[in-house]
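Written out below as structure tokens is the structure these notes cover.
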Amino acid sequence: MSSKASILSKIKANKPNPWPLPDVPVFQTSAPDKKKLFIQILERGGSKVGYVDHITKVVDVVASFFPDRLRTLSTLPYLEDTEKITSLEPKFYEGTDVAIVEGVLGVAENGAIWITEKEMGGIRVLPFITQHLVMVVSEKSLVGTMHEAYKSIGSPNTDFGVFIAGPSKTADIEQSLVIGAQGARSLLVILTP
Amino acid sequence: MMSHAKKAAIFNKDEARTDWHDASLWMVRKKRDFAVTEIPEWEFLREFASDIKSHTLSKLDEYLESFEKAATQNGAIVHWATDAKEHNDIVLSILNKHHAKKMVKSKSMLTEECHLNDFLDAHKIEVIDSDLGERIIQLLDEPPSHIVLPAIHLKKEEIGELFHKELHTEKGATDPQYLTEAARHHLREKFHTAQVALTGVNFGIAETGEVVVCTNEGNADMGVHLTPVQIHSMGIEKLIPRRSDLAVFTRLLARSATGQPITVFTSHHRKPKIEGEMHIILVDNGRTTQLGKPDFRNSLKCIRCGACMNTCPIYRRSGGHSYESTIPGPIGSILTPGIDLKKYGNLPFASTLCGSCTDVCPVKIDIHDQLYKWRQIVSEAGLPEGGNKTLMGMLGSGLAAPRFFHRLGNLGRKILRLFPGNEKFLSFTIWTRERNLPKAPVESFRDWYAKQAKNE
């Protein structure tokens, strides 16, 4: 018998009686102001938040936060004076100082931002390998909870998708929080109208 | 092997360090408590999570088949492993197929359970654990002492010393920021030179065939996206039916684990990268046997948050290594006796049965009830941890004979009055070794009651 057949037959013999699958309601946040909560939770988790009234001004905000940056890469078509995706080799992006990508949706209750391979320009490693990550998020995309987030995202066939809720961090040495573990050292979220 | 009690006694010899360990974990528990208060529907979420898991276990065979079908359609290669050996052989065969000699690995308690590192080491494969805490203990050649905080038992001075030796940091340097930066550079080089990346799996989605991995450091993603071949090792109980169920579990997991509202990265791996290979290994290794035990199958709901460890008064004051099992603490003490009763039969006794573990468990596993039930099994099996049957028998007959018990009480009170304070002479029993007996009362309740009745 194959391993698969043996595992499945053992489960059939040992599994408990049927138990109904609960219908989970789409819980919403009780916070009156989603945007305020989103910013508060992001800052609590070590992220920085910037604002623009028009997406074309994103570069100016990035410049003010990272004056010494050398290599700035963006997957946003309207940011003309930034490096674009030119290679499909992930290792090519080591040495990126700042990567600017668009977030699909922001979750107020935990500051998580959903982003898929598409917004990464097909380079899955980009939001991790860059020294600093900038995510441009529209205020209109904000939802309250993870239930609303998954409802909004649905189940499209994204090849790779990730919720990012801050800079890479660790507390593995004596529970001391260190921002900048293996991934990006900082996360700047730029809110657009 | 030494029992938990003996190991714990050794751990407790360094009182200051025990206090420090206790306080570190209690701080994490307090963070969890705060995070929980932010969600008014917390108790409902626990109930939903528990029910979703109960449902999944009741149809686990069907869900595994749906998962395999969806994952295969996504382009992943699904393997089935009945035990640790088969799992390790599959990993090795994938490595060999690609002539790979170097693999980066993110946190996976399953591969700890399978002793994958030792196995690959014997086959001349270099394995690099990429989570900072895991890397520290790997360089020290120690097992993790906690499932979420693998190096919680170590002091920064010890880590500084280790990094000085292994990563050539400055001698005497202990600043966590500096040490983490050194590890960052060390690991970046490994991510770039490894040929294969392996991760554990937090959740497998039957509906979509994707695997979800939660980390804070971003190490799992650095490995997976920089290497051409990705392997995800997944216990069969990690399955949940729908993608939307992730809303329940992502809200519960990090709040319970570290008090964060969500882990920094919640990665949904669905398809292999262009020209890449994605393998998913579904592992049984005793889980289907546990499924067949009605009293203990709920333990398979565990999402490995570690909240039961952080809250456990025994765990906090005895350290993870005292358990000598891959998963220590309360949840480990109900998972492991089913694997080897003789070896792990002492673990259900490493508890005060206070029930705090059950209270904090995000999927409502009845941990302390199961600990109690395991004790019955251990006692019936006649293992030494089951207690001294002769002594218990004597106590039983004593309690059943009121006159004898009365006389015994009088004698006991007299003896206690002769030896006030720390009754060293009683230290032959484990209960009185670390405890002072209460001051003996002048008379028993029975004597007092008799006197009152006479006076009336």
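General remarks:
- Yes/no for A:G50 being in contact with a helix residue (DSSP H, G or I) (Cβ under 6 Å, 6 or more places away or on another chain), under 29 Å from B:C214 (Cα atoms) and surrounded by 20 or more Cβ atoms within 10 Å (Cβ to Cβ): no
- Test: B:R188 is at pLDDT 95 or above, touching an Asp or Glu at 6+ places or on another chain (Cβ under 9 Å), basic (K, R) and not in a loop (DSSP other than H, G, I, E, B): yes
- Taken over the stretch B:295-354, the residue count meeting the criterion of being of a type in the set (S, T, Y) and within 14 Å of another protein chain (Cβ to nearest Cβ) is 1.
- Residue identified as at pLDDT 95 or above, closer than 30 Å to B:P241 by Cβ and surrounded by fewer than 16 Cβ atoms within 10 Å (Cβ to Cβ) among B:T56, B:T37, B:T82: B:T37
- Of the residues making up the stretch B:243-290, those that are on the phi > 0 side of the Ramachandran plot and at pLDDT 95 or above are B:G259, B:N285, B:G286.
- If the condition is being of a type outside the set (S, T, N, Q) and surrounded by 22 or more Cβ atoms within 10 Å (Cβ to Cβ), then the stretch A:172-188 contributes A:D172, A:I173, A:V178, A:A181, A:G183, A:A184, A:L187, A:L188.
- Some residue of the stretch B:58-68 being out of contact with any Ser or Thr (no Cβ under 7 Å at 6 or more places or on another chain) and not in a helix (DSSP H, G or I): yes
- Any hit, the stretch B:8-25, residues being touching a helix residue (DSSP H, G or I) at 6+ places or on another chain (Cβ under 8 Å), farther than 25 Å from B:I303 by Cα and small (G, A, S): yes
- The listed residue being within 23 Å of A:A184 (Cα to Cα), buried (at least 24 other Cβ atoms within 10 Å of the Cβ) and touching a helix residue (DSSP H, G or I) at 6+ places or on another chain (Cβ under 7 Å), out of B:A257, B:A206: B:A257
- The set of residues in the stretch B:104-127 being within 22 Å of the chain's Cα centre (by Cα) and either touching a residue at least 60 places away in the same chain (Cβ under 8 Å) or buried (at least 23 other Cβ atoms within 10 Å of the Cβ) (or both) consists of B:K105, B:S106, B:K107, B:S108, B:M109, B:L110, B:T111, B:E112, B:E113, B:C114, B:L116.
- Single condition A:L88 does not satisfy, out of (1) within 13 Å of chain B (Cβ to nearest Cβ); (2) in contact with a helix residue (DSSP H, G or I) (Cβ under 9 Å, 6 or more places away or on another chain); (3) more than 24 Å from B:T215 (Cβ to Cβ): (2)
- Every residue from the stretch A:59-105 that is assigned to a helix (DSSP H, G or I) and either surrounded by fewer than 12 Cβ atoms within 10 Å (Cβ to Cβ) or among the aliphatic types (A, V, I, L, M) (or both): A:V59, A:D60, A:V61, A:V62, A:A63, A:S64
- Single residue of A:G111, A:G45 found to be out of contact with any helix residue (DSSP H, G or I) (no Cβ under 7 Å at 6 or more places or on another chain), under 26 Å from A:I179 (Cα atoms) and within 8 Å of chain B (Cβ to nearest Cβ): A:G45
- Each residue in the stretch A:156-191 was checked for being facing another protein chain (nearest Cβ under 7 Å), among the β-branched types (V, I, T) and assigned to a strand (DSSP E or B), and 4 pass.
- Among the residues of the stretch A:118-141, those identified as in a loop (DSSP other than H, G, I, E, B) and either crowded, with 19+ Cβ neighbours inside 10 Å or at the interface with chain B (Cβ under 10 Å from one of its Cβ atoms) (or both) are A:E119, A:M120, A:G121, A:G122, A:I123, A:R124, A:V125, A:T130, A:Q131.
- Residue check for B:R304: of a type in the set (D, E, K, R) and crowded, with 23+ Cβ neighbours inside 10 Å: no
- Within the stretch B:158-195, the set of residues being more than 27 Å from the chain's Cα centre (by Cα) and among the aliphatic types (A, V, I, L, M) comprises B:L167, B:A173, B:A182, B:A194.
- Matching option when the condition is more than 9 Å from chain A (Cβ to nearest Cβ) and either modelled with pLDDT of 95 or more or out of contact with any strand residue (DSSP E or B) (no Cβ under 9 Å at 6 or more places or on another chain) (or both), among B:E217, B:E170, B:E210, B:E181: B:E170
- Of everything in the stretch A:1-33 that is assigned to a loop (DSSP other than H, G, I, E, B), of a type in the set (S, T, Y) and free of Cβ contacts under 8 Å to residues at least 24 places away in the same chain, the residue that is nearest to A:G106 (Cα to Cα) is A:S30.
The values are calculated or read from the model by the stated rules, or taken from the named source; none is laboratory data. None of these values were measured; they are calculated from a predicted model. Here the Cβ is made from the backbone with ideal geometry for all residues, glycine too, and neighbour counts use every protein chain on show.
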